[in-house]
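First up is the structure itself, then whatever we jot down about it.
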Amino acid sequence: MKKFVILFVFSVLFFSGLNASDNVTEQIKAQLISQFKVGNYNIGSKYIIAIPPNETAYFGWADAFIEIHISAKTDAFVKLNILGVKSQTKIAAGDILKIDETMGLNKSTTECREYNLATSKTIIIEADVPVAVSVFNLKSATGEGYSAIPVELWGTSYIHSSYYDYNETPTIEFSGGFLILGSEDDTKVEVTLRGVGDKNLATIKNDLSKSIGDQISFNLDEGEVYQIASDGKTIGEYDLTGTAINSDKPVGVISYHLRTVIPIFMTSSRDNLCEMMSPVKSLSTEYASISFDREGSDKGDLFRIIATEDNTSFSVKWYDLDTKKMINSKSGILKKAGDFQEISSVKSATANAYSITGSSIFQSDKPIMLMQYAYSGEWDGKNYDPFMLSVPAIDQYITHTVIQTPPTSLIDCKLTLIAKVEEGDNINERLNSIMLDGNSLTNTYPTFSTNRIPGTNLYWLRLNMPTGTHYIYGDGIVKFTAFQYGIVKNNNYGFTVAASYKSKFEKDTMKPEITKIGENPNPTIFEFNIKDNRYFEIDEITYKDSQIWFEPLTMLNDEFGFESYNFKQAETEFDWKFEAHDNYNVKLEVEDIYKPASAKFFVADYAGNITIDSVSYTPNLLYCKDSVINFGKIPVKESKEKVLAFVNTSGVDFKIHSILLSNQNNYSIKNIENSTVLKKDDSLFITLDYSPQVISSLDKAMLYIETDNIKYQWELQGSSFEDV
């Protein structure tokens with residue numbers, strides 16, 4: 001018996017929009033997150049960074065260094081442009097690529113020390129997979145660092161925050177300032193100087209005409225940086241915090257302070273401050289934090305609440321970490337956008353009376369920015385000097401992140417993690433799912449599940465972190481933020497390592513659509529269109545969220561109760577390893593057309609929205625006991641009939657579309673039973689007649705039976721002789 005595919009009418013079982021359980025979708029998402037394939041709102045594939053100044057000048061300290069660390073969850077190919085010098089390299093999964101002086105980061109010239117003009121003093125990093133980037137700038141007695149925000153998460157509106165000027169001597173003017181980084185050519189930027197201080201007594205550095213209340217406008221090209229700073233001529237009087245930065249194209253902002261004490265009346269324990277700022281679009285109305293672990297100190301941390309809009313009301317409550325009893329609360333109104341409230345009263349010796357220690361919850365009626373500062377070691381006699389970080393809003397918590405603890409002379413590195421469990425969820429199940437390098441945090445730190453911030457569904461944990469690259473991820477439902485801080489070469493640093501920088505209105509919440517495309521003439525090939533329509537309340541920009549980044553279609557093989565078999569790997573019209581799309585066609589083809597085939601598959605977009613679907617193929621199996629139908633030898637012009645039985649062994653009903661003979665001179669079909677629909681296990685009976693008209697030693701013909709998806713053929717044989 002011979003069989004072949006016919007390009008003809010066909011029928012398959014296709015289940016569009018398979019109603020998979022929520023549990024299966026959750027499991028798939030958790031797996032993708034553990035592989036860092038979706039929802040990378042904290043890491044990205046392109047960075048433009050610059051080095052803010054540390055101290056008033058470079059003093060040539062032998063142990064000073066500037067380093068940029070790059071790492072990824074998977075192997076990465078990286079292109080670098082270090083201050084105009086281009087190169088490329090590879091990073092193995094889990095390794096840290098350290099860019100330092102040997103690669104062009106000259107510690108005496110790399111810092112941005114040019115004010116009020118655009119320069120190209122930047123480093124551009126591009127990778128083929130999402131990578132994490134952190135920056136360190138340390139000198140003998142002062143240093144800080146920041147976690148870089150990828151370009152794809154930048155915004156067009158920012159608020160600057162640093163700290164008061166600290167004029168140590170007439171020649172040592174420690175000031176606060178910020179860098180603005182361009183992501184596209186011809187970016188128009190407008191800076192509105194806001195803050196505290198008498199504009200008649202304090203100006204910006206290198207420009208006596210500009211102070212609080214003035215505006216500065218300029219243009220940036222991609223890879224350019226512009227720096228503005230206060231002049232550092234006062235102590236605790238002048239601060240540009242609250243300054244508004246707006247642009248017509250996305251920019252990045254890095255706020256810093258050359259070197260300061262906190263509180264401002266201290267006389268020693270100075271340190272550099274630095275943080276890459278969250279865009280205004282990612283700010284919100286509810287925040288939580290845990291005080292820094294300062295070797296048992298109970299003096300707490302300094303917080304700044306900064307308004308993004310006029311007439312903003314705020315409140316804060318803080319609680320003892322052990323007893324969970326409320327320690328204190330404060331509330332107030334910020335009258336103008338850019339106004340800020342400090343907690344505590346840092347200009348007096350009773351600052352710690354109002355400093356926030358323990359766990360804290362901040363709420364406001366309009367979006368605010370929240371900054372957290374570590375005090376000077378002189379203030380509480382501990383080994384930590386000032387650093388600052390931007391606290392993420394609760395609705396900006398994420399599902400996974402890459403953390404790099406600095407490998408250079410690490411003395412101490414701590415991590416504070418705050419996890420949010422949705423109301424009604426199983427608390428232990430969600431918290432148990434949070435992994436650090438593949439190990440459940442609740443198994444290692446059982447107190448995690450009891451460290452609850454009172455009145456919330458937030459749980460916190462503080463732990464020491466070893467040197468290296470680390471991965472934190474959960475089940476895709478629980479979300480968290482994290483702060484990393486510590487000491488490198490006796491210098492303190494701290495920055496946020498787990499936060500989204502998108503507006504909540506920009507996050508894609510729609511699942512990809514999978515639509516079957518028409519009827520392929522080949523019944524064993526199935527074509528689909530995969531499309532992500534995305535949904536944002538604000539949709540001026542096409543966001544990466546909607547793109548399919550790792551595979552156009554992923555088969556499930558013995559996973560989550562699904563099994564796929566007898567289908568070839570999906571094919572698309574593009575190479576999915578190097579391209580991302582939000583609208584494309586994909587093809588699935590049966591491998592062996594005479595065997596059943598089933599494909600259970602899913603499509604996931606960058607945001608982690610998942611659609612599960614399936615397609616199955618059942619061959620129309622016909623069995624005849626004779627592979628060749630032989631009529632034997634008969635006299636010319638006589639005839640012989642055969643009744644053939646073709647059994648449906650498919651297990652399903654199918655249609656018989658046609659029954660044909662290739663040689664109708666000597667062979668004919670006399671009778672057909674059940675020729676339209678052949679039910680499973682039933683037989684199709686065909687009566688064939690052989691009537692040779694001339695003598696033939698071998699008289700052949702072909703019988704064709706066309707089903708929904710297979711065309712069969714049987715060879716008919718006979719011979720004839722003249723009867724005398």
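The table that follows gives values for the structure above.
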{"read-out": "Residue selected from the stretch 108-130 under the condition at pLDDT below 95 and under 23 Å from residue 401 (Cβ atoms), by the criterion surrounded by the fewest Cβ atoms within 10 Å (Cβ to Cβ)", "value": "128"}
{"read-out": "Residues that are open to solvent by less than 20 Å² (accessible area, probe 1.4 Å), on the phi > 0 side of the Ramachandran plot and at pLDDT below 90, drawn from the stretch 1-56", "value": "36, 39"}
{"read-out": "The listed residue being surrounded by fewer than 18 Cβ atoms within 10 Å (Cβ to Cβ), touching a residue at least 24 places away in the same chain (Cβ under 8 Å) and under 40 Å from the mean Cα position of the chain (by Cα), out of 239, 248", "value": "248"}
{"read-out": "Count - residues of the stretch 617-637 that are open to solvent by less than 40 Å² (accessible area, probe 1.4 Å) and at positive phi", "value": "1"}
{"read-out": "Subset of the stretch 184-199 [open to solvent by less than 10 Å² (accessible area, probe 1.4 Å) and either among the charged types (D, E, K, R) or more than 12 Å from residue 210 (Cβ to Cβ) (or both)]", "value": "187, 189"}
{"read-out": "Residues located in the stretch 680-712, provided they are open to solvent by 20 Å² or more (accessible area, probe 1.4 Å), closer than 20 Å to residue 643 by Cα and of a type in the set (A, V, I, L, M)", "value": "702"}
{"read-out": "Filtered residue count, the stretch 75-91, keeping only those that are among the β-branched types (Val, Ile, Thr) and either surrounded by fewer than 17 Cβ atoms within 10 Å (Cβ to Cβ) or without any contact (Cβ under 8 Å) to a residue 24 or more places away in the chain (or both)", "value": "2"}
{"read-out": "Residues of the stretch 421-441 classified as among the polar types (S, T, N, Q) and buried (at least 19 other Cβ atoms within 10 Å of the Cβ), total", "value": "1"}
{"read-out": "Strands (runs of 3 or more DSSP E) completely within the stretch 214-297 that count 2 or more residues being closer than 19 Å to residue 487 by Cβ", "value": "244-260, 271-276"}
{"read-out": "Residue selected from the stretch 337-360 under the condition open to solvent by 40 Å² or more (accessible area, probe 1.4 Å) and assigned to a loop (DSSP other than H, G, I, E, B), by the criterion modelled with the lowest pLDDT", "value": "345"}
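Every residue, every condition in (1) open to solvent by 40 Å² or more (accessible area, probe 1.4 Å); (2) over 30 Å from residue 710 (Cβ atoms); (3) free of Cβ contacts under 8 Å to residues at least 12 places away in the same chain, yes or no:
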position	(1), (2), (3)
553	no, no, no
556	no, no, no
563	yes, no, no
587	yes, no, no
610	no, yes, no
615	no, no, no
639	yes, yes, no
643	yes, no, no
646	no, no, no
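The values are calculated or read from the model by the stated rules, or taken from the named source; none is laboratory data. Remember, it's a predicted structure, so these values are computed and weren't measured experimentally. Heads up, the Cβs are rebuilt from the backbone with ideal geometry, glycines too, and the neighbour counts pull from every protein chain shown. Quick note on the areas: whole protein, heavy atoms, side chains included, nothing else; ligands and nucleic acids left out. Shrake-Rupley method; radii C 1.70, N 1.55, O 1.52, S 1.80 Å.
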